[in-house]
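Visitor: Got a structure for you, written out below as structure tokens; questions coming shortly.
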Amino acid sequence: MVTNRELEERVDTSDEWIVQRTGIRERHIVAEGETTSVMGIAAGRAALADAGLGPDDIDLVICATSTPDYTFPSTATQIQDGLGIRGGAAFDIQAVCTGFIYALATADKFIRSGSHRRVLVVGAETFSKILDWTDRGTCVLFGDGAGAVVVEAQEGTGALSDRGILTTQLRSDGRYRDRLYVDGGPGSTGTTGHLRMEGRDVFKFAVGKVIDVVREAFAETGAEIGDLDWFVPHQANRRIIEASADKLGIPREKVVITVDRHGNTSAASIPLALDAARKDGRIKDGHLVMLEAIGGGFTWGSALVRW
Ligand code: ACO
């Protein structure tokens with residue numbers, strides 16, 4: 001665990017600046033030898049135990065990550081192996097901070113098609129490996145982590161009272177790639193590269209677009225703000241989260257915020273927040289939960305879920 005005070009020793013920053021601009025107080029960084037798949041396996045194991053399931057019950061593993069252990073094989077196949085899952089398929093999804101929403105939407109569509117019954121969806125990232133630790137504008141914002149959920153097929157009636165994923169909304173616009181990107185890759189520089197970001201542009205874009213996809217999820221399902229039990233946004237920055245919730249008219253007490261504890265963990269941030277809110281008793285069976293995220297690309301999206 002790395003606190004803001006410890007970062008003061010690395011770059012010209014302060015705990016006050018980081019807390020005031022982002023709400024972040026600490027983040028976790030992998031130890032020597034730990035990788036994205038190591039964390040993904042731990043999260044997957046915890047999700048299977050929580051669901052009362054074993055490796056034979058899973059027929060698809062989807063891992064959302066932008067920081068795979070290797071260019072290939074996929075991190076999902078390593079998680080599959082680490083969990084002892086021998087059947088079905090496994091693949092990665094790359095949509096940066098929106099990765100978990102993209103992965104959840106993919107799981108939902110595989111299940112709705114009837115081809116798969118139980119999907120392990122993992123969000124896992126090791127952003128510490130792609131940060132420029134001399135750039136105070138970015139290195140203070142991110143952390144490492146992983147979270148996972150199990151999505152299972154169940155018959156529904158098509159009503160808002162159904163349990164499961166009620167709708168997912170996915171969007172992207174590749175014109176904005178220069179606002180948030182990594183300046184390397186296997187097909188360009190042959191190096192891993194470092195994260196680069198125009199913070200102010202990302203902030204403005206984030207609030208506007210997030211509101212759009214949340215409203216579209218409501219419109220598609222007929223749900224209203226008042227029906228919502230919890231708003232679980234991508235945990236990038238407390239100010240983005242609060243500005244989005246305020247514009248949508250979602251009361252602050254319904255917003256789950258965990259960014260103070262782990263910084264921006266990209267595709268891992270939503271499952272980490274879900275885990276915290278379930279364990280502390282906020283999210284209960286039957287609750288209506290809105291998830292949303294925006295990330296590099298830009299990509300953005302939402303998912304309305306009945307827990
Ligand atoms: N410590 C101290 N000072 C800093 C730091 C730091 N870590 N970083 C930047 N500064 C300085 C800048 O150099 C600048 O100084 P100057 O005025 O002398 O030039 C000053 O602080 C203000 O910089 P801004 O970039 O204007 O600060 P801003 O209020 O926009 O906050 C921030 C920066 C926090 C990055 C904000 O723009 C933001 O949150 N953007 C969204 C970015 C984000 O969350 N990205 C995550 C990935 S995408 C996603 O997940 C949505």
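The values are calculated or read from the model by the stated rules, or taken from the named source; none is laboratory data. Given the structure is predicted, the values throughout are model-derived calculations rather than measurements. Note that we place each Cβ from the backbone using ideal geometry, even for glycine, and neighbour counts take in every protein chain shown. These area figures cover heavy atoms from the full protein model, side chains too; ligands, DNA and RNA do not enter into them. Shrake-Rupley method; radii C 1.70, N 1.55, O 1.52, S 1.80 Å.
Visitor: Restricting the calculation to Cα positions, tell me the Rg (one decimal) and the Dmax (whole number) of the chain in Å.
Guide: 18.3, 57
Visitor: The stretch 164-306: D in µm²/s via Stokes-Einstein (Kirkwood Rh, Cα pairs, 10 °C, 1.306 mPa s)? Don't skip to the answer; put the middle values down first.
Guide: Details: Rh = 15.8 Å.
Approximately 100 µm²/s, per Stokes-Einstein.
Visitor: Let me ask another. Of the options 1, 244, 102, report the single residue whose Cα projects farthest towards the positive end of the charge dipole of the chain (beta-carbon charges: Lys, Arg +1; Asp, Glu -1).
Guide: The residue sitting most towards the positive pole is 244.
Visitor: Among the listed pairs 254/279; 204/279; 109/129, which have their C-alpha atoms separated by more than 27 angstrom in this model?
Guide: In this structure, 204/279; 109/129 lie more than 27 Å apart at Cα.
Visitor: Considering all projection directions equally, how large on average is the shadow of the alpha-carbon convex hull of the stretch 2-152, in square nanometres? Intermediate values should be presented prior to the final figure.
Guide: Values: hull surface 37.9 nm².
That works out to 9.5 nm².
Visitor: Let me have the relative contact order for the chain, percent, based on Cα pairs under 8 Å that are six or more residues apart. Write down the numbers at each step before the final one.
Guide: Working: 693 pairs, mean separation 72.7, N = 307.
Relative CO of the chain lands at 24 percent.
Visitor: So, counting K/R as plus one and D/E as minus one, what does the shell of residues with Cβ under 12 Å around residue 46 add up to?
Guide: Values: positive: 45, 278, 279; negative: 50, 275.
Within the 12 Å Cβ shell, the charges total +1.
Visitor: Also: Run the dipole for the chain about the Cα centre, Lys and Arg Cβ at +1, Asp and Glu Cβ at -1, nothing else charged, and hand back the magnitude in debye, nearest 20. Don't skip to the end; give the middle numbers.
Guide: Values: 34 positive and 43 negative charges, 94 e Å.
Here the size comes out at about 460 debye.
Visitor: While we're here: Report the charge-dipole magnitude of the stretch 2-152 in Debye, nearest 20, computed about the Cα centre from +1 at each Lys and Arg Cβ and -1 at each Asp and Glu Cβ. Provide the component values of the computation, followed by the final result.
Guide: Details: 13 positive and 22 negative charges, 107 e Å.
Using Cβ point charges on Lys, Arg, Asp and Glu, the stretch 2-152 gives about 520 debye.
Visitor: On the accessible surface of the chain, probed at 1.4 Å, how many percent belong to carbon and sulfur atoms? Could you put the intermediate results ahead of the total?
Guide: Working: 6590 of 13750 Å².
Using a 1.4 Å probe with all protein chains present, the chain comes out at 48 percent carbon and sulfur.
Visitor: The stretch 160-227 to the stretch 62-106: how many Å between their Cα centroids?
Guide: Their Cα centres are 18 Å away from one another.
Visitor: Still on this model: Could you work out the helix-only [θ] at 222 nm for the chain, with each DSSP H run of four or more residues adding -39,500 (n - 2.57) and the total divided by the number of residues, to the nearest 500 deg cm²/dmol?
Guide: Working: 10 runs with 105 residues, N = 307.
So the calculated ellipticity at 222 nm is -10000 deg cm²/dmol.
Visitor: How much net charge surrounds residue 126 when only other residues with a Cβ under 10 Å from its Cβ are counted (Lys, Arg +1; Asp, Glu -1)?
Guide: Values: positive: 129; negative: 34, 69, 125, 144.
Spelling it out: positives minus negatives among the neighbours equals -3.
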